[in-house]
Amino acid sequence: MTPPDLRLYDLTEAAAILRVTESWLMRQLRDRRLAGRKVARRWMLTEDDLRAAIDSMASPAVAPRPDPAGLTPTSRRRVNRRARGAA
């Protein structure tokens, strides 16, 4: 039995929160890549389901690697451009 204060989101609301299309979200739910439940033939997601979906779709931020010569990306392009032109 679910608690009375449990908030359920329908497919439209969940897609808006996740910033994805409804068709994409439905496909993920059908393929069981994301958690959800069917209530009266309609897909419903809890806040925990949405949190899990956000966690599964998140990718860690990767800091750019510093140039070994200490050049900025613009300077590196200039050096590479000159090297190609001289060859």
Need pairs with beta-carbon distance below 7 Å; first residue touching a residue at least 12 places away in the same chain (Cβ under 8 Å) and within the stretch 6-20, second surrounded by 14 or more Cβ atoms within 10 Å (Cβ to Cβ) and among the charged types (D, E, K, R); sequence gap 6+ or separate chains.
L11/E22
Is it the case that the stretch 12-20 has a residue that's modelled with pLDDT under 95 and among the acidic types (D, E)?
no
Limited to the stretch 28-51, what total is found for residues that are under 14 Å from E13 (Cα atoms), in contact with a Phe, Trp or Tyr (Cβ under 8 Å, 6 or more places away or on another chain) and among the hydrophobic types (A, V, I, L, M, F, W, C)?
3
Among the residues of the stretch 17-63, the number that are among the hydrophobic types (A, V, I, L, M, F, W, C) and over 13 Å from the mean Cα position of the chain (by Cα) is 10
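The values are calculated or read from the model by the stated rules, or taken from the named source; none is laboratory data. All values reported here derive from a predicted model rather than from experimental measurement. Glycine also receives a Cβ, built like all others from the backbone with ideal geometry; neighbour counts cover every protein chain displayed.
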